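This report refers to the structure that appears directly beneath it.
The values are calculated or read from the model by the stated rules, or taken from the named source; none is laboratory data. Source: prediction; values computed, not measured. Neighbour counts are summed over all protein chains in view; Cβ atoms, including those assigned to glycine, are modelled from backbone coordinates with ideal geometry. SASA here: full protein model, heavy atoms, side chains in, ligands and nucleic acids out. Shrake-Rupley method; radii C 1.70, N 1.55, O 1.52, S 1.80 Å.
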Amino acid sequence: MAKEKDQWRLQDLIDFEIALEESSEVSASAGDEIREGLSQQDFGKDEGAKRRWGLLRWLRLRPEREAGQRVVGVTRFLGIVLLGLMFLGGIGLIRGLIMEVRGTSLRGFNIWILLAATIGVQGLFLLGGVIGYFLMPKITGGLDWVRELIGVLVKKCSGTLDEKIWRKLTDLRSGQKSAVAWRLGRVIQLGGIGWNLGLLTGLFGVLWFTETIFFWESSFSRFGPTSLKNVVTVLSLGISGINPSGVVDASWLANERPTTGSPSAIWKAFFFFAIFLWGLLPRLFFYLLTIFKERKTLKNLHFQDPAHRKLWRGITRVERTVVIEGPSDGVVLLDVGGLNLETEKLRPFLLQTLRVNPEKTYSVGILDEEKEAEAWSAIKKAPCGLVLLVEGWSLSPKQMISLINRIREAADDAAIRVLVLGDGVEPPEDKDFAQWQKFIDELRDPNLECIAYEEGVIS
């Protein structure tokens, strides 16, 4: 596989979609340059790497754009702003939770309220985010509401993307996660990190500069010491391994009155470690996960949308001026349905268009079991992939999907080219070929392409 000097970046992907929306034309000079570069690379059987390399070169040969960089810059700016605002919000929350202890002159934290505000609420948000991550693509194909909100801000602040391109960049139904969606997730996690840093900073400031105690009575009396003990026991999981002094003794929960002295000091340690372990660490984990997922998505872009495939067909077009022959580039022809075509007439077209030498024709989708077995044996050994011969008017999606799935089971990485013909060895009708092309594009198989037979090649 070729080592790409330039990897796809998020700004490249945004600029690419904008450029493709404006025009998918490939100039003769650009096509020649890209094809020459492709011929000098070693991609092996990785069609995806070949496509990523070629499409990135197509983008580099076009006028430079600023839209992608502007969008990326906005996400970074919003991330920093959100981190700062949430940091201040965390500090403000801690200060707002200090209350007078009924019947005393003391001030402190109600343990139930402090647990709910610092860990419980954001735990529900995390749970909701995970559920939305799995359910929203299936329900709407789009983002969960938090990322949708951040996305609206990004799009509005960048001022460069129309709704159609934005929806394409954030579409989660294509079998590949959106790199933009992962970037929006990173912004959200920065806010979560700022929130927890604010909680820790606020708690430290309050406990350092004021005399503050911990209690758990009043309106939460329905939740007795047993409930609080269970909650604290769960939150203490992991704390004992980090700092045993932060583990609360359950015997202290038998009295609703304020805790002072040594128990109060351990409550302080408990809350510091609980917020760090159950609040900050998960946010840091998800933040790093979004970075990893974004880079992985950009590294493995498949570019299988119909517009991508149309552009790729234009880039990899081969000039039909020279007939290339040779026994080392053989391809297996599969006559789908037993058309009994004069396949020798296809040789000049296959040599000049696909640069492959047709070896032998086999029939599939017929009632002759012996010939079928012979065909499947050849499929497993095809040196340069397969060419399926089909008639333009006879598209049967269910049968073709079944056939392609069987071929993938026998040769999962084989290059498959569906050659659409008309009546005999003739070009197909434009409307028939358009249906085949739409059908093949929707399968999103990087090693599957649709080609129309053309006359006029050198024989």
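Restricting attention to region 14-58, report how many residues are within 18 Å of Ile165 (Cα to Cα) and without any contact (Cβ under 8 Å) to a residue 40 or more places away in the chain.
Total satisfying the criteria: 2.
Mind checking which strands (runs of 3 or more DSSP E) fall wholly inside region 325-421 and carry at least 1 residues that are surrounded by 14 or more Cβ atoms within 10 Å (Cβ to Cβ) and touching a Cys at 6+ places or on another chain (Cβ under 9 Å)? Before you say what the answer is, go through the steps one by one.
On the way: elements: 330-336, 357-364, 386-391, 416-421.
So the answer is 330-336, 357-364, 416-421.
Here is a yes/no grid of residues against (1) touching a His at 6+ places or on another chain (Cβ under 7 Å); (2) modelled with pLDDT of 80 or more; (3) open to solvent by less than 70 Å² (accessible area, probe 1.4 Å); (4) assigned to a helix (DSSP H, G or I):
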| site | (1), (2), (3), (4) |
| --- | --- |
| Thr118 | no, yes, yes, yes |
| Tyr133 | no, no, yes, yes |
| Trp166 | no, yes, yes, yes |
| Arg173 | no, no, no, no |
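Of the residues that make up region 96-109, is at least one under 33 Å from the mean Cα position of the chain (by Cα) and within 30 Å of Gly205 (Cα to Cα)?
Here is the first cut: in region 96-109, the residues under 33 Å from the mean Cα position of the chain (by Cα) are none.
No; the residues of region 96-109 include none that is under 33 Å from the mean Cα position of the chain (by Cα) and within 30 Å of Gly205 (Cα to Cα).
Can you list residue pairs whose Cβ atoms sit under 9 Å apart, with the first residue in region 278-299 being in a helix (DSSP H, G or I) and the second being small (Gly, Ala, Ser) and open to solvent by 30 Å² or more (accessible area, probe 1.4 Å)? Count only pairs 6 or more apart in sequence or on different chains.
Sorted first by the residue in region 278-299, then by its partner, the pairs are Trp278/Gly123; Trp278/Gly238; Gly279/Gly123; Pro282/Gly123; Phe286/Gly129.
Name the one entry in Val206, Val248, Val231 that is outside any helix (DSSP H, G or I), modelled with pLDDT of 55 or more and β-branched (Val, Ile, Thr). So that I can check it myself, show each step before the final result.
Values: Val206 fails: outside any helix (DSSP H, G or I); Val231 fails: outside any helix (DSSP H, G or I).
After ruling out the rest, the residue left standing is Val248.
Can you tell me which residue in region 57-114 is nearest to Arg186 (Cα to Cα), limited to those that are aromatic (Phe, Trp, Tyr) and open to solvent by less than 50 Å² (accessible area, probe 1.4 Å)?
Trp58
Give me the residue from region 23-47 that is acidic (Asp, Glu) and outside any loop (DSSP other than H, G, I, E, B) and, out of that set, surrounded by the most Cβ atoms within 10 Å (Cβ to Cβ). Working first, answer last.
Here is the first cut: in region 23-47, the ones acidic (Asp, Glu) are 25, 32-33, 36, 42, 46-47.
Narrowing further to those that are outside any loop (DSSP other than H, G, I, E, B): 32-33, 36, 47.
On the way: Asp32: 12, Glu33: 14, Glu36: 9, Glu47: 18.
Among residues in region 23-47 that are acidic (Asp, Glu) and outside any loop (DSSP other than H, G, I, E, B), the one surrounded by the most Cβ atoms within 10 Å (Cβ to Cβ) is Glu47.
Given the criteria surrounded by 14 or more Cβ atoms within 10 Å (Cβ to Cβ), of a type outside the set (Lys, Arg) and modelled with pLDDT of 60 or more, does Phe276 qualify? Before the answer, list the steps.
Numbers: surrounded by 14 or more Cβ atoms within 10 Å (Cβ to Cβ): yes; of a type outside the set (Lys, Arg): yes; modelled with pLDDT of 60 or more: yes.
Answer is yes for this residue.
What are the residue pairs meeting all of these: first residue in region 59-80, first residue closer than 27 Å to Ala30 by Cα and part of a helix (DSSP H, G or I), second residue open to solvent by 80 Å² or more (accessible area, probe 1.4 Å) and of a type outside the set (Phe, Trp, Tyr), Cβ atoms under 8 Å, and 6 or more apart or on different chains?
The qualifying pairs are Gly68/Arg9.
Can you name the residue in region 437-459 that is of a type in the set (Val, Ile, Thr) and touching a Pro at 6+ places or on another chain (Cβ under 9 Å) and is also most open to solvent (accessible area, probe 1.4 Å) among such residues? Before you say what the answer is, go through the steps one by one.
Of all residues in region 437-459, those of a type in the set (Val, Ile, Thr) come to 440, 451, 457-458.
When the remaining residues are screened for being touching a Pro at 6+ places or on another chain (Cβ under 9 Å), the result is 457-458.
On the way: Val457: 34, Ile458: 86 Å².
This residue is Ile458.
Just checking, how many residues over region 422-436 are open to solvent by less than 70 Å² (accessible area, probe 1.4 Å) and free of Cβ contacts under 8 Å to residues at least 24 places away in the same chain? Let's see the steps before the verdict.
Within region 422-436, the first condition is being open to solvent by less than 70 Å² (accessible area, probe 1.4 Å), and the residues that meet it are 422, 424-425, 427-428, 432-434, 436.
Now drop any that are not free of Cβ contacts under 8 Å to residues at least 24 places away in the same chain, which leaves 434.
Residues flagged as open to solvent by less than 70 Å² (accessible area, probe 1.4 Å) and free of Cβ contacts under 8 Å to residues at least 24 places away in the same chain within region 422-436 amount to 1.
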